Amino acid sequence: MVDEVILLDYWPSMFGVRTRIALEEKNIKIDYIEQDLCNKNALLLEMNPVHKKIPVLIHNGKPVCESLIQVEYIDETWPRENPILPSDPYQRAQARFWGDFIDKMLPGLGKLMWGVKGEEQEAGKKEFVEMLKMLESELGDRTYFGGETFGYVDIALIGFYGWFDAFEKYGNFSIEAECPKIIAWAKRCVKRDSVAKSLPDSEKVTELVPELKKKKRIKCFHSVTLWFFTKNIELYMCSDSVEVMVSDFFLCSDSVISVVYRHDYSSGFVFLRISAVAESSQNIAEPFQYPPQPEADDGIPKTCYCGGQPVVATSYTSKDPGIRYFTCDNADDGDCHVWKWWDVVVMEEMSDFQRQLRESDTEHSPTMDSIPGFVNLLNSQ
């Protein structure tokens, strides 16, 4: 039986590059299907119904998701040619550790590429460079991360190389000046046919970034207006801003737009100014009634927009240091997720508790222990 191998991917994807390189290393012929991430097709949604992301490797009709998992699957399914993972269990575990470490560079890259100018971008740049320096230390004087053998960690990292020019342009720094050994390693990797065939052209990637930023900005705008109109909230728009008055709110945690808000505790209203979203009339959604969302209730968010479980995180920005807020574990995936200040949630939960006390008969008055949501909120870290 001839293997049927299909790859659903997007040409500049630093993650799809990993899968493409692994397939090239094994000389596996594939049917490549380019994806439009702004208009995801039925096959992608069927093959990856959980995350709805590329790349998706389909082997004889069975989908394998997540790029590093795909690399391992390819190595185990076609083990004879060019082994990717080390045979030694300890070395294999170490390779997986560094592959996971590389994936943790994403938050810094998000702030570097999509964050606003200034402190947030500088923080992203610093985080990215520090992680590259750690990888440089791990590489040492070896040809590849696995010694003389091109392997798993090299494949995990080299996909970022096609984006280095864009990182430097929009971050206003030199990666080679900061991490010369990483650049020398990348140039050695590019000499391999599998890498040269798979890496996207860096100039085309750099040219693509402004378009991606625009799409991301429009996507965030529509996500926010979706919730606003769900709550029957009126928007006041001008050429470069939207002003909204709401009693509670959720925002895209990965948004590139600037949000300024004021919470009036006496009236219970939040005043927000969302800037730089209305670039043209095409960005303005027509107001209509959307189905109510369960996560839009006052108080503790029960469900994120993506269906995930909201979690409590801590802000490390200079404007709001140490302030806790509700977000989602999937907040970095480019979609819209729950976002709400912890103190706002506390105020709403306390207001609801006081309301229940007023409405209850004296002998049946609830105690704080009888309200699990309130207790869980106070115990959240």
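Out of the range 145-157, which residues are part of a helix (DSSP H, G or I), touching a Leu at 6+ places or on another chain (Cβ under 7 Å) and not small (Gly, Ala, Ser)?
Step one: list which residues in the range 145-157 are part of a helix (DSSP H, G or I), which gives 152-157.
Then drop every residue that is not touching a Leu at 6+ places or on another chain (Cβ under 7 Å), which leaves 152, 156-157.
Correct list: Tyr152, Leu157.
Yes/no matrix, rows are residues, columns are (1) more than 18 Å from the chain's Cα centre (by Cα); (2) free of Cβ contacts under 8 Å to residues at least 60 places away in the same chain; (3) open to solvent by less than 70 Å² (accessible area, probe 1.4 Å):
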{"position": "Glu4", "(1), (2), (3)": "yes, yes, no"}
{"position": "Pro12", "(1), (2), (3)": "no, no, yes"}
{"position": "Thr19", "(1), (2), (3)": "yes, yes, yes"}
{"position": "Leu23", "(1), (2), (3)": "yes, yes, yes"}
{"position": "Lys26", "(1), (2), (3)": "yes, yes, yes"}
{"position": "Tyr32", "(1), (2), (3)": "yes, yes, no"}
{"position": "Cys38", "(1), (2), (3)": "no, no, no"}
{"position": "Ile58", "(1), (2), (3)": "yes, yes, yes"}
{"position": "Cys65", "(1), (2), (3)": "no, yes, yes"}
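Before we move on, is Ile54 crowded, with 20+ Cβ neighbours inside 10 Å, in a loop (DSSP other than H, G, I, E, B) and touching a residue at least 40 places away in the same chain (Cβ under 8 Å)? Spell out how you get there, then give the answer.
On the way: crowded, with 20+ Cβ neighbours inside 10 Å: yes; in a loop (DSSP other than H, G, I, E, B): yes; touching a residue at least 40 places away in the same chain (Cβ under 8 Å): yes.
So Ile54 passes the test.
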Query raised in the report: How many of the residues in the range 114-165 are under 18 Å from the mean Cα position of the chain (by Cα) and over 17 Å from Val190 (Cα atoms)?
Result: 11
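Yes or no, residue by residue, for (1) small (Gly, Ala, Ser); (2) modelled with pLDDT of 70 or more; (3) in a helix (DSSP H, G or I); (4) touching a helix residue (DSSP H, G or I) at 6+ places or on another chain (Cβ under 6 Å):
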{"site": "Pro287", "(1), (2), (3), (4)": "no, no, no, yes"}
{"site": "Lys319", "(1), (2), (3), (4)": "no, no, no, no"}
{"site": "Phe326", "(1), (2), (3), (4)": "no, yes, no, no"}
{"site": "Asp343", "(1), (2), (3), (4)": "no, yes, yes, no"}
{"site": "Val346", "(1), (2), (3), (4)": "no, yes, yes, no"}
{"site": "Ser351", "(1), (2), (3), (4)": "yes, yes, yes, no"}
Query raised in the report: Only one of (1) assigned to a loop (DSSP other than H, G, I, E, B); (2) at pLDDT below 75; (3) not basic (Lys, Arg) is not met by Asn330, so which one is it?
Result: (2)
Query raised in the report: Does the range 145-158 hold any residues that are farther than 15 Å from Arg92 by Cβ and either buried (at least 17 other Cβ atoms within 10 Å of the Cβ) or of a type in the set (A, V, I, L, M) (or both), and which are they?
Result: Phe150, Leu157, Ile158
Query - Residue under evaluation Leu44, criteria (1) open to solvent by less than 80 Å² (accessible area, probe 1.4 Å); (2) under 30 Å from Thr149 (Cβ atoms); (3) outside any loop (DSSP other than H, G, I, E, B), criterion not met - result: (2)
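Give the range 116-144 a look and list any residue that's assigned to a loop (DSSP other than H, G, I, E, B) and open to solvent by less than 50 Å² (accessible area, probe 1.4 Å), or say none. Can you show your working first?
Quick first cut of the range 116-144, residues assigned to a loop (DSSP other than H, G, I, E, B) only: 116-118, 140-143.
Answer for the range 116-144, where residues must be assigned to a loop (DSSP other than H, G, I, E, B) and open to solvent by less than 50 Å² (accessible area, probe 1.4 Å): Gly118, Gly140, Thr143.
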Report task. For Ser87, work out the one condition from (1) open to solvent by 80 Å² or more (accessible area, probe 1.4 Å); (2) touching a strand residue (DSSP E or B) at 6+ places or on another chain (Cβ under 8 Å) it doesn't fulfil. Result -> (2)
Requested in this report: Restricting attention to the range 16-30, report how many residues are touching an Asp or Glu at 6+ places or on another chain (Cβ under 8 Å) and either among the hydroxyl-bearing types (Ser, Thr, Tyr) or in a loop (DSSP other than H, G, I, E, B) (or both).
Outcome: 4
Query - Matching residues in the range 57-76 - criterion: being in a helix (DSSP H, G or I) and under 12 Å from Phe15 (Cβ atoms) - result: Ser67, Leu68, Ile69, Gln70, Val71
Query raised in the report: Which fully enclosed helices (runs of 4 or more DSSP H) of the range 159-215 have 2 or more residues being crowded, with 18+ Cβ neighbours inside 10 Å?
Result: 164-171, 180-190, 193-198
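The values are calculated or read from the model by the stated rules, or taken from the named source; none is laboratory data. A quick note: this is a predicted structure, and the numbers were derived from the prediction, not measured. Positions of Cβ are backbone-derived with ideal geometry, glycine not excepted, and every protein chain shown enters the neighbour counts. Quick note on the areas: whole protein, heavy atoms, side chains included, nothing else; ligands and nucleic acids left out. Shrake-Rupley method; radii C 1.70, N 1.55, O 1.52, S 1.80 Å.
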